[in-house]
Amino acid sequence: MTARLDSPLKVTGRARYGSDHNPPGMVFGYVVLSTVAHGEVTAMDVTAVRDAPGVLAVYTPFESLELHTPHNPIMGATWVPLQDTDVAYRGQPIGFVVAETFEQARDAASLVEVSYRERTPLTSLEDGLAAAEDAPPSMDGSPHTVTVLASGVESIEDALAASPVVVEATYTTAPQNHAAMEPHSAVAVWESGTLTVYSGNQGSDLQAASLAQALAEPLSAVHAVNPFVGGAFGGKGATSVPAFLAAAAARDLGRPVKAALTREQVFTATGTRAATVQRLALGAEKDGTLVALRHDSWSSTPMSRAFIEQTSHSTSREWYTTPNMVISQKMVPLNIPPTTFMRAPGEAPGSFALESAIDELAVELGMDPIELRRRNSSLAPPGKDLQWSSKHLDECFGIGAERFGWSQRSEGGRVDGDWLVGLGTATAMFPALRFPASVRVTLNADDTAEVATSGADPGTGLLSVLSLIGADSLDIAPERVTPRLGDSALPSGGMSGGSTATASAGSAIMVAAPEVIDELLTLAAAPGAPFEGAEVSYADGRVLATDGRSLTFGEVLRAVDRSSIAAVGSSAPGEEMSKHSFSSFGAQFCEVRVHRWTREVRVSRMLGVFDAGRIINEQPARSQLMGGMIWGVSAALHEGMEIEADGRLANGDFASYLIPVNADIPDVDVQFVQYPDTLHNPVGARGVGEIGIVGVAAAIANAVFNATGTRVRNIPIAIEDLLDE
Amino acid sequence: MRPFELTAPETVDAALASPGTFLAGGTTLVDLMKLDVLTPERVLDINTLPLQGIDTTDGLRIGALERMSDVAAHPGTYPVISRALLLSASQQLRNMASIGGNLMQRTRCGYFRDVSVPCNRREPGSGCPALTGANRMHAVLGTSESCVATHASDLAVALVALDARVRLVGSDGERTVALADFYRMPADTPEVETDLRQGELISEVLVPRLDWASRSTYVKVRDRQSYEFALCSAAVALDVQDSRIVDARVAAGGVATVPWRLPSVEQALRGAPPTQETFEAAAALATEGARPLSGNGFKAPLLRRTIIRALREVTEEDRA
Ligand SMILES: Cc1cc2nc3c(=O)[nH]c(=O)nc-3n(C[C@H](O)[C@H](O)[C@H](O)COP(=O)(O)OP(=O)(O)OC[C@H]3O[C@@H](n4cnc5c(N)ncnc54)[C@H](O)[C@@H]3O)c2cc1C
Ligand code: SF4
């Protein structure tokens, strides 16, 4: 177990995040947001703004900074601000004021007078359901509706009608904001035709590419730097509005520009998780065998329809064995802030619905919910031939049930004084993915090594993982390996997202390390070299000859007069995808206490047991999972954006957008079953960034039902959901 | 935030002589200045004025500049007061925030705090979006067509239950006012929140001696376990002798436009045995006249239940 290498820097305040950079001559930009949710900006009076002290420039759709829409394979198109007068949601960036100081820019921004031609906004998912549209194909290319029917079965309705036991219910989940500690911000510096941008983002090379496209500059002219990212969770996958505006304004003004969103602005001017409505029907035999599953999902999406939260595709499509299954995904375009990836996009809200429904079925059958899940555990996604590469979910449930005292659970919960106590459980799954990634491994003459990639460490521990896998692959101590990341000048590490970074970068290291060792051995045995003509091998950081002589790699490099040698390794999803299905698995357990009189729900115990392949570094892996589970509590009991009819966010600050505080979170127990999944990638790791949140909200709702007998089908669960009179 | 002039008067007389907005801990004032809700031109830092001290010789006398954390920790404080304080805000805020400032804090209504929307309390006559908008946190008691905002102080609820008074000093002298009379229901002038006159200062809080208030508590129900305002709260003190309730004090928070004393509930408790039936019958009277809004209908049942819970908690031993 290794503590994270960057912890001391972060704890002592020496880690320099994007907006900690203050180059000489820097000026400050402040973003202006729309105050209506739908319509057109007809005029912006900025006379008073220009006259305000310290103001250097005011940019609006009428006097804009030219920006072009960039595209990348993962994020698709990224919206760039101020290019037209359309207003699609309240809190949309429509202006940018640059001044000598932050306070001057903010003060001046408050003087902008905006005129709108307003149109009636549509902001409520419920009201928009009637106008729902079929969603575009999901990330893996599946159509909006997927139907799997056993031969002879005409329709899912027939299969449900023929099922001896059926449960049917509708679930809803609230929209959320990532609310990362570091607000979206950027410092942009132009120097002799080259732009350097310091801005927290999930992939420096992707950010550099999107800035280059937006600014119509060659890629070589843009350098993105983000060695530290103060939380991202999917909300920093795309290049942010402050980064586009700071970069363009810095070019226009010939001075470095810093731009940072305020906490309140982050809620609308970045990305959010969609609200969802999900209708589920499960049909089963009396012994619990699933016969039919129908999962219809509606997700809110902004008017651009740029991102759809796919809840049924990412859960019911794969989780259980069933001969008959129909899943569908619709989108409901609304005048709301953009939606985007957020930790376990699809799986988090989808698992609330599916895993609540499974619990309802268990109640209906009078069966233990773990037994019901075991009975329907899938060997492969329904209707697919490719079996799971490595699945130990039953073992997770077994260990969890034992540790958590599941056998003590009784049907109607238990009473402790004035507290009603209940236990709940749920399955967690998250696909094992990999993105293309390249890593450079360098051996230095001073016997140190460097492992470098442009990818980001948004608090996940990738930096430490690079050093550990690098050390392992080079057979040297981790202290001798310098990891580097978060710089677009390094080999392309792609996106830190989808819980992929360890598997992707790790696999690339395992390609690069043998290559650089091969080169070392070739050099060592070359004419004039210390091992000329000898048969050599490599171990323990040394080159060894059959005659017993050995030299460290540094000694060899010095002898042949090289300061360093390097190799770049790349990895990408490959033919494994045609052989197996890949996923991580977990069993979530929660105990809740509900006050008999005042109905507050308190989570009193939590346990997650995870099958996520090989765990490279246990401490940060546990932290990742714990963080995910805590966010699950937040989604279940606290968090939700309240968007009013006119598009105003009623709770757009940390005083009213509730996230749990320490008092809300009990000890969180995280356990692993470790089965390295080398069918997926040579490292055997499947990623732990997202699976922690999956299933938690359902486990809590199921525990609430166990405690109180009340089934709550919406999150966050509030006191009034549990009050009868 | 708009530019302002900051001065620190050295005596109470100097503070009263110069017009301006008083700054104590600043946890309400600076917050609202940042939001442009309050835009004072002159701010008077009163922190060096001699308005300190906690005296327990006869009842409780608390200087207006005492910090919430110090009062909560003081051994002579009644349980209902220290619990109300400890369940308020966070330790950091309690270390900064003063008792006078706490009583003068403004409502947490989201529309009041957002200058881009109307609000009768902030801009008289502009309208009240909460009547039809996000009003889950709002009041069901003491409301009017002009304003339905709750009073947010937990401490004030405990103090009202204990018949506390505030001493006010102005340029024309001193007066003391019962805290229950100090706060104004909104009626059609929601901008007038208290009886405090222009330039007047709260110098201290006086709590009459009430020995049996050693049996008292404050129950606060909220959406998370700490660092959040009440959806509903109850301050309760009971005098129980020989299995009879001799006297009772009950007040509610989070549900009303001012700290809400509940004399009818107290009356129903007096003389009755401390049983569940008594508590339920008494609590049923708490919500007489409640006017629920679209999003807060649950507050009436929640108030009854919160009172029952508080009464159960202070009589746990009697009932055992
Ligand atoms: C995040 C947050 C959470 C909070 N949670 C809670 C909670 O759960 N429960 C709760 O009760 N409170 C809560 N509060 C409110 C907090 O208790 C008050 O902000 C605080 O008590 C105000 O005291 P202060 O000394 O900081 O007042 P200041 O901000 O300095 O002043 C507030 C107002 O009172 C006036 N004033 C100050 N002193 C006097 C005086 N002696 N005489 C006359 N006028 C005076 C000022 O002019 C100003 O208008 C919370 C506040 C925050 C920011
Ligand atoms: S409830 Fe009162 S404070 Fe809130 S908006 Fe209405 S008038 Fe303003």
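Each value in this text was obtained by applying a stated rule to the coordinates, not by laboratory testing. Please read these numbers as outputs of a predicted model, since none were measured by experiment. Please note: Cβ atoms are built from the backbone with ideal geometry, for glycine as well, and neighbour counts cover all protein chains shown.
Side notes on the structure shown:
- Candidates B:Ala300, B:Ala234, B:Ala152: whichever shows maximal mean-square fluctuation once chain B is modelled as a Gaussian network with Cα springs under 10 Å: B:Ala300
- Only beta bridges with both residues in segment A:572-702 are counted; by DSSP, about 70 percent of them are antiparallel.
- Pairs of lysine residues in the protein assembly as shown that meet both criteria, 8 or more places apart or on different chains and Cα atoms under 27 Å apart, total 11.
- Net charge over other residues, Cβ less than 11 angstrom from the Cβ of B:Arg244 (K, R count +1; D, E count -1): -3
- Semi-axis lengths, largest first, of the ellipsoid equivalent to segment A:1-122 are 32, 22, 13 Å, with √(5λ) applied to each eigenvalue of the Cα gyration tensor.
- Inter-label distance, A:Ala655 to B:Ala8: 2.6 nm, where each label sits 7 Å from its Cα along the C-beta direction.
- 5 angstrom amide H check on A:Ala43, placed H, neighbours 5+ away: A:Ser115
- Based on alpha carbons, the Rg and Dmax found for segment B:1-48 are 10.5, 31 Å.
- Separation between Cα centres of segment A:697-725 and segment A:99-138, rounded to whole Å: 33
- Pairwise Cα inverse-distance average, inverted: Kirkwood Rh of segment B:212-319 (Å): 13.9
- Taking B:Val12, B:Val148, B:Val205 as the candidate residues, the one with maximal mean-square fluctuation in a Gaussian network model of chain B, Cα springs under 10 Å, is B:Val12.
- Full-extension gain in nm, B:Asp45 to B:Glu280, via 0.36 nm per residue minus C-alpha separation: 79.8 nm
- Most fluctuating residue given options B:Thr132, B:Thr176, B:Thr28, as computed from a GNM of chain B linking Cα atoms under 10 Å: B:Thr132
- Sequentially through segment A:293-300, phi angles give Karplus couplings (6.51, -1.76, 1.60; θ = phi - 60°) of 9, 10, 9, 9, 10, 10, 10, 5 Hz, Gly and Pro residues having no value and appearing as x.
- Proximity of backbone amide H atoms, modeled 1.01 Å from N, is registered between A:Val27 and A:Val257, A:Lys258 at under 5 Å, excluding neighbours fewer than 5 places apart on the same chain.
- The protein assembly as shown: Rg to Rh, with Rh as the Kirkwood radius over Cα pairs: 1.00
- Relative contact order (%) - criterion: Cα under 8 Å, at least six apart; region: chain B: 17
- The separation of segment A:598-629 from segment A:211-240, counted between C-alpha centres, amounts to 31 Å.
- Of all segments of chain B bounded by GluC sites (Glu not before Pro) found in a DSSP loop with no more than 13 other C-beta atoms within 10 Å, the longest spans B:146-287.
- Rounded to whole Hz, the Karplus (6.51, -1.76, 1.60) HN-Hα couplings of segment A:69-84, x for glycine and proline: 5, x, 10, 9, x, 8, 8, x, 7, 10, 5, 10, x, 6, 8, 8
- For the pair A:Asp252 and B:Glu317, label points projected 7 Å from Cα toward Cβ lie 7.2 nm apart.
- Segment A:197-351: antiparallel DSSP beta bridges as a percent of all, rounded to 5: 40
- Charge dipole (the protein assembly as shown, unit charges on Cβ, about Cα centre) - positive-most of A:Ile691, A:Gly632, A:Gly141: A:Gly632
- Mean separation of Cα contacts under 8 Å (6+ apart) over length of chain A, as relative contact order %: 15
- Value of relative contact order over segment A:437-572, rounded to a whole percent, pairs C-alpha under 8 Å and six or more apart: 35
- Per DSSP, loop trypsin sites (Lys or Arg not before Pro) in segment A:362-454 with at most 16 further Cβ within 10 Å: A:Lys384
- The calculated 222 nm mean residue ellipticity attributable to helices in chain A amounts to -7500 deg cm²/dmol, summing -39500 (n - 2.57) over DSSP H runs of n ≥ 4 and dividing by all residues.
- Percent of beta bridges antiparallel (DSSP, chain A, rounded to nearest 5): 75
- Applying 1/(1 + (r/R0)^6) with r as the Cβ-Cβ distance of A:Thr145 and A:Asp418 and R0 = 56 angstrom yields a FRET efficiency of 0.70.
- A:Glu100-B:Asp242 pseudo-label distance in nm [points 7 Å out on the Cα-to-Cβ vector]: 8.2
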